[in-house]
């Protein structure tokens, strides 16, 4: 079982950080032996006994194996970490429980959270200007929905543009297989094509939102939206190959629809007639309005318009 980094913006001492990683490992090991984890001794470092919230993320051979945490401080930090470590190993419903055979390959990452501070911003640019890469996390709330961006995500996503460029490359990989270029030449071509596409999108949609989708604490794809009068334009949804076919794309489109509904906007998009995604769009209420070159232009009216029409 290997220790991993411990992201903390509350300035824990090095000894406290080491103690938390050790406690997390012990909690998992004792749990696998069906033994209760022993509470911390009374003489534990005071900084470990302060009520703090934490997240514990587990990886095996670099692959996510579990992630559980708390956003609100309720227990002493050392207890919170122990409970979350065992829960991540045994109760994350996305995975089967961690097994004995995996302990030697288990990586542990702990994020210790500070008290959340409300931030009110008027745009994505304002939010990005406030955030400190590698330090700050986010709790995003919109209506009844809430998402968490842990500080550790910065390690996976130090430069969102690099990720987006690599993601774009996966969409061109098959067509470049027969091309007699070196890997360096193909990479240069992909970078040039990505920069041209990105510039075209941002030029056509100056008020657009060019988002990176994060799933299980790791960048999983891109979601590009254009804001037009009375409509939200779904420009593009692309996922990394390992995340495709798992319902994530559908969930992202439903999120866009829900957001448009709250704003009273239609959702529009362009799609090739032969694209399998077209059937999904039809199931979600999109209808073809007209052909535009090789694309079908589809629209999903806002619910208020649907009700009026009926």
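Throughout, read-outs are computed from the coordinates displayed, never taken from laboratory work. From a predicted model like this one, the values you see are computed outputs, not experimental measurements.
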Which angle from 0 to 90°, rounded to the nearest 10, does the C-alpha axis of helix 77-90 make with the longest principal axis of the chain?
60
Helix 248-263 versus the longest principal axis of the chain: what is the Cα-based angle in degrees, 0 to 90, to the nearest 10?
70
What residue among 50, 267, 179 has the largest mean-square fluctuation in a Gaussian network model of the chain, using Cα springs under 10 Å?
179
Can you give me the C-alpha center-to-center distance between the range 250-270 and the range 70-101, rounded to a whole angstrom?
34
In a Gaussian network model of the chain with springs linking alpha carbons closer than 10 Å, the residue among 280, 71, 239 that fluctuates most is 280
Bin width 10 Å, origin at 0, all Cα-Cα pairs of the chain: what percent of pairs per bin?
5, 22, 28, 22, 16, 7, 1, 0
Tell me, what is the percent relative contact order of the chain, built from C-alpha pairs under 8 Å that lie six or more residues apart?
12
Which residue, 170, 70, 182, has the most motion in a Gaussian network model of the chain that connects Cα atoms within less than 10 Å?
182
To the nearest 10 degrees, how steeply does helix 160-176 sit against the main Cα axis of the chain, on a 0 to 90 scale?
60
Per q in 0.32 1/Å, what log10 I(q)/I(0) does a Debye calculation on the alpha-carbon atoms of the range 209-257 return?
-1.32
At 0.36 nm per residue, minus the direct Cα-Cα distance, what do residue 138 and residue 176 gain on full extension? Give it in nm, one decimal, please.
9.9 nm
So what is the calculated 222 nm ellipticity per residue for the chain, using -39500 (n - 2.57) for each DSSP H run with n of 4 or more, over all residues, to the nearest 500 deg cm²/dmol?
-11500 deg cm²/dmol
Cα pair distances in the range 155-310, grouped into 5 Å bins until the bin that holds the longest one, percent each
2, 8, 15, 19, 20, 17, 10, 5, 3, 1, 0, 0
Cubic angstrom per residue, convex hull over Cα atoms of the range 2-114
95
